[in-house]
Amino acid sequence: MDLVTRLCQALEMEPAEVRKLRDQAANSGTTFDRVLLTRGADEAKVLQAFSEDLQLEFREELGPTKVPKSFVDVVPLSFARANNLIAIDIEGSTLVVATPHPLDTHAQDDLSAMVPSGVRFVLVPRNEITEIINRAFRHKTDGVDEALDDLEGTDIASLAAQIDESEDILDVANKAPIIKLVNSILFQSLKLRASDVHFQPYADRLQVRFRIDGMLYNMESIPKNAQDAILSRIKVMGKMDIAERRLPQDGRASLRIGDGEVDVRISVVPTSAGERAVLRLLDKSAGVFDLDAIGLDAQNLKTLRKYIHYPHGIILVTGPTGSGKTTTLYGSLTEISTGEKNILTIEDPVEYQLDGISQVQVNTKKGLTFSAGLRSFLRQDPDVMMVGEIRDLETSEIAIRAAITGHLVFSTVHTNDAPSTVTRLIDLGLEPYLVSSSLVLVVAQRLVRRLCPNCRTWVEPSTTQVAQLRDLDLDLNELKDGKMAVSPGCDECYNSGFQGRTAIYELLVMTEEIRTLIMNRGSATQIKKLAVDQGMRTLRLDGMSKVVAGMTSPEEIMRVTQLDT
């Protein structure tokens, strides 16, 4: 069976159409496989067909893969990214290299010349390879040290005039040193999964800091004489006024990282040591809005799913800034967005675009506040509405009115736990009978760091660890085989012992007894006691179960539930 026949069967295309695309590839100088993919062909099916024709192994998924150090040491990151090539194994003296382009012989020959060992190529979809490349080169300098070296002996003052917007931050070749440095820092931050990048000025330097899994880490120190040029570059990216240095400014940028795209929210404020910039990174390709993947255990997941399908009422998600409230709300909206419901949101800001949902950005300068947007939504024939935050009486009154008149409303409130959310609404000025009749569920949550799976081990708790477990009121008999999980730290987790985060939850269901207590103006403590008696698991109890399961550490639970007694 020849290649054309295989492709016809795999892609359900006519032979004439496949031959036409093959001829087009030959005439254009583009490889046949790339032409097929630009026409929307399924990549896995294309690679499978080439695999059989060229007698190359095909792997649809790579799973956990450790890239041989000999590859990372010899092959530049720019080459690996540009050609989508990464070693996934070593067999004797032969490197097994994944590629999504079976006909890209020039890149394959170049790679073979770089590495001292033999090379065997296997076909793997491109998205699998991109993820492995990001992980493999995470601990290299990413060009930051090289870019800093380029600054030495350079007329930095003149560079501000050269700064222009760059398309892809991986494309640093032939760029001005300042652009190269900023791009390299941003690329490094994304590989380390940072949510924020701080450029903090000191008297003698500009300090770069990354917030990773909620914690700040000091990274590169940049010479003070480069500070103004770097801030100018950041302002250009955010379309700000580079001449204004006395007032705070906000901006937004969209960066391309290879095939991915990242939204950046930029804030610049003047300080006594010069301007300080903070960049919030929102990776569009990394958004996970699946309720199964955000840390809910089976019981809480079942409860949440029950109430998000209610026809009317208010569901509130509460917790401090950066506790994952938006992810929980987006996950809930994504699940009920089946095309049969009209879903509207008003947010500040709109962080991720959700398919099939109309999202509105708050604009206080033009009078578009949460309350104004929510009021206009009622004339849009909605089934479900989400308001970013209930922070005043007017917004809460409109939300309650919407819930009572047959709409499902989602929102957030800043409180320490679920029961105190009820008293917060009453403190805003709402009547207790309105709160008790409209509220159906309150979800309190916190984010905790997950133990690194690469270096996690199970050990018998030491005396100190036993004391920590007892501080959590955790019965040692609950531990699996009397052991607890610890992560000492490794290269994969930046020697922190943690990699990624999960959430702990507290779900307060509005039972008849709790509604009656609210009507009688019961305190948050009384509501909490009754809810616990009826089966509510507090944040700390949910955290304890995650310690037992080996997902996180006792210190993490204590850190985020200090006020949860």
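Overview of results
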quantity	calculated
Region 17-47, residues that are assigned to a helix (DSSP H, G or I) and touching a residue at least 40 places away in the same chain (Cβ under 8 Å)	F32, D33, R34, E43, A44, L47
Elements of type strands (runs of 3 or more DSSP E) contained in region 74-149, each with 3 or more residues being open to solvent by 20 Å² or more (accessible area, probe 1.4 Å) and at pLDDT 90 or above	118-123
Pair list, Cβ under 7 Å, 6 or more apart: region 205-218 residue outside any strand (DSSP E or B), other residue of a type outside the set (D, E, K, R) and buried (at least 18 other Cβ atoms within 10 Å of the Cβ)	D213/F498; G214/L447
Output for region 374-391, where each listed residue is open to solvent by 60 Å² or more (accessible area, probe 1.4 Å) and assigned to a loop (DSSP other than H, G, I, E, B)	R379, Q380, D381, D383, R391
Given (1) aliphatic (A, V, I, L, M); (2) under 20 Å from I315 (Cβ atoms); (3) not in a strand (DSSP E or B), number of the condition V409 does not satisfy	(3)
Residue in region 248-267 that is open to solvent by 30 Å² or more (accessible area, probe 1.4 Å), among the hydrophobic types (A, V, I, L, M, F, W, C) and in contact (Cβ under 8 Å) with a residue 12 or more places away in the chain present	no
Identity of the residue in region 332-355, loosely packed, with under 13 Cβ neighbours inside 10 Å and under 20 Å from D283 (Cα atoms), that ends up farthest from the chain's Cα centre (by Cα)	D355
When residues of region 529-540 are limited to those that are touching a residue at least 40 places away in the same chain (Cβ under 8 Å) and outside any loop (DSSP other than H, G, I, E, B), the one nearest to I426 (Cα to Cα)	A531
The lone exception for D533 - which of (1) open to solvent by 40 Å² or more (accessible area, probe 1.4 Å); (2) at pLDDT below 95 it fails	(2)
Region 268-286 - residue that is charged (D, E, K, R) and surrounded by 16 or more Cβ atoms within 10 Å (Cβ to Cβ) and, of those, modelled with the lowest pLDDT	D283
Residues of region 24-57 satisfying the condition of being at pLDDT 85 or above and exposed (fewer than 12 other Cβ atoms within 10 Å of the Cβ)	Q55
Residues within region 208-226 that are in contact with an Asp or Glu (Cβ under 8 Å, 6 or more places away or on another chain) and either open to solvent by less than 10 Å² (accessible area, probe 1.4 Å) or at pLDDT 95 or above (or both), tallied	2
Selection from region 486-498 of residues that are assigned to a loop (DSSP other than H, G, I, E, B) and either open to solvent by 10 Å² or more (accessible area, probe 1.4 Å) or modelled with pLDDT of 95 or more (or both)	S487, P488, G489, C490, Y494, N495, S496
Residues of region 220-275 satisfying the condition of being basic (K, R), in a loop (DSSP other than H, G, I, E, B) and out of contact with any Lys or Arg (no Cβ under 9 Å at 6 or more places or on another chain)	R245, R246
Lone unmet requirement of (1) open to solvent by 10 Å² or more (accessible area, probe 1.4 Å); (2) modelled with pLDDT of 95 or more; (3) aliphatic (A, V, I, L, M) for L476	(2)
Filter result for the condition that a residue is open to solvent by 60 Å² or more (accessible area, probe 1.4 Å), of a type in the set (K, R) and closer than 17 Å to V115 by Cα, over K69, K20	K69
Filtered residue count, region 40-69, keeping only those that are touching an Asp or Glu at 6+ places or on another chain (Cβ under 9 Å) and among the basic types (K, R)	2
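For every residue, the table says whether it meets (1) modelled with pLDDT under 95; (2) more than 21 Å from the chain's Cα centre (by Cα); (3) crowded, with 22+ Cβ neighbours inside 10 Å; (4) in a helix (DSSP H, G or I).
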position	(1), (2), (3), (4)
G500	yes, no, no, no
E513	no, yes, no, yes
L517	no, yes, no, yes
I527	no, yes, yes, yes
L563	yes, yes, no, no
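The values are calculated or read from the model by the stated rules, or taken from the named source; none is laboratory data. Computed from a predicted model, the values in this text were never measured in an experiment. Ideal geometry is used to build each Cβ from the backbone, glycine not excepted, and the neighbour counts take in all protein chains shown. Only protein heavy atoms, including side chains, enter the accessible area calculation; ligands, DNA and RNA are left aside. Shrake-Rupley method; radii C 1.70, N 1.55, O 1.52, S 1.80 Å.
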